[in-house]
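Asks: Next up is a structure, given as structure tokens.
Computed from the coordinates by the stated procedures, all read-outs in this text should not be read as laboratory data. Computed from a predicted structure; not experimentally measured. Heads up, the Cβs are rebuilt from the backbone with ideal geometry, glycines too, and the neighbour counts pull from every protein chain shown.
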Amino acid sequence: MSETALEARHLFKVFGRHPNQAVRRLKSGETRSEVLDAGTAAVIDASFTVNRGEIFVIMGLSGSGKSTIIRMLNGLLTPTDGEVLIQGRNVTTASAKELRDIRRSHVSMVFQHFALLPHRTVLDNAAYALEIQGVAKDERLARAREILSKVGLADWADHLPDELSGGMRQRVGLARALTAGTDILLMDEAFSALDPLIRREMQEQLIELQQELGRTIIFITHDLNEAMYLGDRIAVMRDGRIVQNGTPEEILTDPANDYVAQFVQDVDRTRVLTAAAVMEPPHQTTPISAGVRGALRTLRSQQTSAVFAVENRRLVGVVTDRAVIRAVKAGQTELRSIVDASVLTVGPDDLLTDIVERAVETPIPLAVIDAERRLIGVIPRVTMLAALGNVPPTTREMPIVQTPIDMVAEFTPLVDAMAGLTPEPSDPSEGSRA
Ligand SMILES: Nc1ncnc2c1ncn2[C@@H]1O[C@H](COP(=O)(O)OP(=O)(O)O)[C@@H](O)[C@H]1O
Ligand SMILES: [Mg+2]
């Protein structure tokens with residue numbers, strides 16, 4: 001179930017002398033540079049919806065129009081054309097009073113440069129939005145304290161902002177926005193000024209807080225890795241337009257155009273893609289009930305050296321050609337006793353970064369199983385390597401499972417005979433050709 005928190009409909013923003021004329025010309029097909037004489041088209045026909053409780057990232061290079069969009073979302077800027085709806089209320093046509101009301105109850109903003117009040121303590125800064133809202137002192141300080149402890153600043157409540165590091169100051173900014181209690185948080189390059197380690201920490205903390213507090217976050221960044229890490233969905237902007245809107249996986253695996261493709265080229269895919277995103281349907285399976293003969297048939301028809309044994313779709317283990325051949329030789333028909341249960345399994349939500357080692361170290365595809373141990377997919381090594389795409393493989397070469405030539409010689413007649421026990425219905429046209 002996804003409820004809409006915010007919707008942007010065909011937003012345009014042109015700065016300059018003739019904004020409306022520029023929009024008309026853009027709508028009739030002129031490009032951004034063709035309408036330059038009328039103004040700078042900062043945002044061109046941007047439409048998107050943000051679901052309640054998601055982190056929606058707007059990503060693009062500097063100057064692509066991100067800040068202009070986010071300022072239209074909370075009414076700091078009026079669109080030249082198009083409209084913004086927040087929980088069904090039209091921000092664009094709202095009166096000044098309605099707008100104040102929407103801001104107070106629905107949207108708060110975290111800026112890149114902290115914007116803390118220098119002469120107030122961390123606690124008072126965190127409580128500031130509530131003060132504006134007219135919340136009584138005891139209550140606002142209590143709520144601010146609670147949020148400060150969530151962002152790890154409980155011990156700093158009585159300090160002044162300039163006694164804090166950059167990362168800590170940004171936490172205060174975040175705390176202030178969270179304390180406001182609005183359901184939508186707008187964050188414009190909120191972490192871009194932080195050094196990389198602190199930035200990573202803040203990203204992790206934001207995701208934790210988001211899961212705990214369930215706010216809707218619209219996060220702006222020019223950093224693709226940050227976008228990929230934080231975003232449930234990402235809108236990629238270029239020259240004022242949204243050129244793609246999708247999940248990190250979609251953007252990585254199916255870039256809308258060459259621009260996006262080039263952009264995502266350097267992303268570490270293993271940190272974005274999950275097992276479920278790359279797995280393939282399991283073809284090489286045999287039910288336990290099919291017995292040794294059934295397994296043999298599957299091995300032959302799939303031309304493979306190992307198959308997964310399943311029972312009511314649940315994974316029991318793996319059966320190798322060697323084990324089957326030995327069982328055939330011994331006259332054994334029951335499959336369960338020759339299944340190797342020590343097969344490597346992964347979950348659908350496991351990130352590739354956590355499973356890549358296992359995938360390349362086993363000659364058998366990784367089995368993807370759900371919570372009930374149902375076999376929902378497989379990841380052959382080749383699939384894993386293809387998914388890694390431009391990430392150079394750092395793993396050593398693996399020998400494939402080989403059937404020694406003498407084993408083939410020894411068993412071929414036997415195997416043929418076995419297969420002949422249940423002859424396939426013959427194709428008459430083949431028969432006449434033979
Ligand atoms: N107030 C303004 N007046 C004129 N041009 C502006 C104004 N604000 C932004 N722009 C222009 O609009 C474009 C988009 O800017 P901005 O939204 O700030 O991009 P971003 O946040 O992606 O870096 C840029 O070309 C910028 O120069
Ligand atoms: Mg900006």
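Asks: What are the residues in the range 276-315 that are touching a helix residue (DSSP H, G or I) at 6+ places or on another chain (Cβ under 6 Å), aliphatic (A, V, I, L, M) and within 25 Å of residue 383 (Cβ to Cβ), if any?
Replies: 277, 278, 295, 299, 307, 309
Asks: How about the range 187-221: which of its residues are touching a strand residue (DSSP E or B) at 6+ places or on another chain (Cβ under 9 Å), aliphatic (A, V, I, L, M) and either within 16 Å of ligand 1 (Cβ to nearest atom) or at positive phi (or both)?
Replies: Scanning the range 187-221 gives 187, 190, 218, 220.
Asks: In the range 20-45, what residues are buried (at least 24 other Cβ atoms within 10 Å of the Cβ) and either of a type in the set (Phe, Trp, Tyr) or within 11 Å of ligand 1 (Cβ to nearest atom) (or both)?
Replies: Hits for the range 20-45 are 41, 42, 43, 44.
Asks: Suppose we keep only residues that are crowded, with 22+ Cβ neighbours inside 10 Å and more than 16 Å from ligand 1 (Cβ to nearest atom) within the range 59-102. Which one would you say is farthest from residue 235 (Cα to Cα)?
Replies: Only one residue tops the list, namely 91.
Asks: Kindly indicate which of 314, 269, 293, 326 is among the basic types (Lys, Arg) and in contact with a strand residue (DSSP E or B) (Cβ under 8 Å, 6 or more places away or on another chain).
Replies: 314
Asks: Now for a separate question. Of the conditions (1) under 21 Å from residue 120 (Cβ atoms); (2) assigned to a loop (DSSP other than H, G, I, E, B), residue 194 fails just one. Which one is it?
Replies: It fails just one condition, (1).
Asks: May I ask you to verify whether residue 343 is of a type in the set (Val, Ile, Thr), part of a loop (DSSP other than H, G, I, E, B) and closer than 20 Å to residue 289 by Cα?
Replies: yes
Asks: A further question on this structure: Does the range 235-252 hold any residues that are in contact with a helix residue (DSSP H, G or I) (Cβ under 7 Å, 6 or more places away or on another chain) and without any contact (Cβ under 8 Å) to a residue 40 or more places away in the chain, and which are they?
Replies: 243, 244, 248, 249, 251, 252
Asks: Return a yes/no flag: does the range 161-169 have any residue that is over 27 Å from residue 119 (Cα atoms), aliphatic (A, V, I, L, M) and more than 16 Å from ligand 2 (Cβ to nearest atom).
Replies: There is no residue in the range 161-169 that is over 27 Å from residue 119 (Cα atoms), aliphatic (A, V, I, L, M) and more than 16 Å from ligand 2 (Cβ to nearest atom).
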